[in-house]
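Novice: Before I ask anything, let me first share the structure, which is written out below as C-alpha cells.
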Amino acid sequence: MRILFITLCLANITFAFGMIPWMPNPMAVHFAADGTPDGWGPSLVNALLMSLVVGIMAASILGSSWLITIAPSYSFNMPNRDYWMSEERRPETIRRICSFCELIGVWTMLFFLIVQWQIFQANQTVPPKPINIGLYGGILLFVIIFETVRSFLSFRLPKEKRQLDESAISTTMTPNEKPKGDDL
C-alpha cells in the first residue's frame, strides 16, 4: 500500500507540472461551491501549490505511520487496546493501523488527481467551464467513513476470545447478578 501511495503522490506532482504548457496564463485555480471559477493565477503557482499540498499530505501519512511504530501502547485509543497491543500482537496491529493510514492516503491522492484533471479540463475552454467535484468529494468522504468504521470494528475481540470472556463471567456470577459495564 505504501508503494502505491508514494506512486500516486509522485503522479500528482508530475501531472501538476506536466500540464503547465497546456494551461492558459492566468488560469482558473479556484472554483466556487457551484463549480464556477472564482480565482485566477499563473499555472506555475498552481503546480507549486498542488505539489505543496501533496507533499504535506505525504509527510503526514508517512510521518504518522513512522510515529505509530515507536509510540507506547498506552497512547493508542482503540477498542481492546490491551489485547491488540500485547507483545505478540503489536507488530501485526501496527501494520494494520499503518495500512489503514496509507489506504486513506491512496484514496485522497486519487481524489487529488481527479481534481487536477477537472481543473485541466476546465481551463481548456475560454472562459473556463465549471467543474463538478461534488460527486468525487462525496465518494471520498464515504470511503473515509466506511474504512474508519471497518477498521474500528476489526479491532473487536476475536470471537473465540469473546466466548471465553463470556463463559468466565457467567461462571463467576450468581444467578440474579447482571454483568457490569462492557464486560461482555
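Novice: Check LEU49, LEU62, LEU44 and return the single one that is within 22 Å of the chain's Cα centre (by Cα), in contact (Cβ under 8 Å) with a residue 12 or more places away in the chain and under 30 Å from ALA122 (Cα atoms).
Specialist: None of the others qualify; the one that does is LEU49.
Novice: Taking the stretch 107-122, which residues are out of contact with any Lys or Arg (no Cβ under 6 Å at 6 or more places or on another chain) and of a type in the set (Gly, Ala, Ser)?
Specialist: Across the stretch 107-122, there are no qualifying residues.
Novice: Out of (1) farther than 23 Å from GLY137 by Cβ; (2) at pLDDT below 90; (3) in contact with a helix residue (DSSP H, G or I) (Cβ under 7 Å, 6 or more places away or on another chain), the odd one out for VAL29 is which?
Specialist: With respect to (1) farther than 23 Å from GLY137 by Cβ; (2) at pLDDT below 90; (3) in contact with a helix residue (DSSP H, G or I) (Cβ under 7 Å, 6 or more places away or on another chain), VAL29 is out only on (1).
Novice: Give me the pairs, please: first residue somewhere in the stretch 85-99 and in contact (Cβ under 8 Å) with a residue 12 or more places away in the chain, second residue anywhere and aromatic (Phe, Trp, Tyr) and in a loop (DSSP other than H, G, I, E, B), beta-carbon distance under 7 Å, and either six or more positions apart or on two chains.
Specialist: MET85/PHE76
Novice: Would you point out the residue of the stretch 139-173, among those that are of a type in the set (A, V, I, L, M) and within 20 Å of TYR83 (Cβ to Cβ), that is modelled with the lowest pLDDT? Explain how you work it out, then say what you get.
Specialist: To start, the set of residues in the stretch 139-173 that are of a type in the set (A, V, I, L, M) comprises 139-141, 143-145, 149, 153, 157, 164, 168-169, 173.
From what's left, within 20 Å of TYR83 (Cβ to Cβ): 149, 153, 157, 164, 168-169.
Values: VAL149: 88, LEU153: 82, LEU157: 69, LEU164: 56, ALA168: 52, ILE169: 49.
Among those that are of a type in the set (A, V, I, L, M) and within 20 Å of TYR83 (Cβ to Cβ), it is ILE169.
Novice: Please give the number of the condition GLY35 fails out of (1) surrounded by 12 or more Cβ atoms within 10 Å (Cβ to Cβ); (2) in a helix (DSSP H, G or I).
Specialist: (2)
Novice: Continuing with the same structure: Looking at TRP107, is it of a type in the set (Phe, Trp, Tyr), out of contact with any Ser or Thr (no Cβ under 6 Å at 6 or more places or on another chain) and exposed (fewer than 14 other Cβ atoms within 10 Å of the Cβ)? Quick ask: steps written out before the conclusion?
Specialist: Details: of a type in the set (Phe, Trp, Tyr): yes; out of contact with any Ser or Thr (no Cβ under 6 Å at 6 or more places or on another chain): yes; exposed (fewer than 14 other Cβ atoms within 10 Å of the Cβ): no.
Criteria not met by TRP107.
Novice: Let me ask another. Would you say ALA28 is more than 17 Å from PHE5 (Cα to Cα) and part of a loop (DSSP other than H, G, I, E, B)?
Specialist: Numbers: more than 17 Å from PHE5 (Cα to Cα): yes; part of a loop (DSSP other than H, G, I, E, B): no.
When the stated conditions are applied, ALA28 does not pass them.
Novice: Restrict the check to the stretch 76-93 and report whether at least one residue is among the aliphatic types (A, V, I, L, M), within 21 Å of SER60 (Cα to Cα) and at pLDDT 90 or above.
Specialist: no
Novice: Restricting the stretch 109-135 to residues that are assigned to a helix (DSSP H, G or I) and modelled with pLDDT under 85, which is farthest from GLY35 (Cα to Cα)?
Specialist: Going through the qualifying residues, I end up with LEU135.
Novice: Do we have PHE5 as surrounded by 12 or more Cβ atoms within 10 Å (Cβ to Cβ) and farther than 16 Å from ILE119 by Cβ here?
Specialist: yes
The values are calculated or read from the model by the stated rules, or taken from the named source; none is laboratory data. No experiment lies behind these values; they were computed from the predicted model shown. All Cβ positions, even for glycine, are placed from backbone atoms using ideal geometry, and neighbour counts span all protein chains on display.
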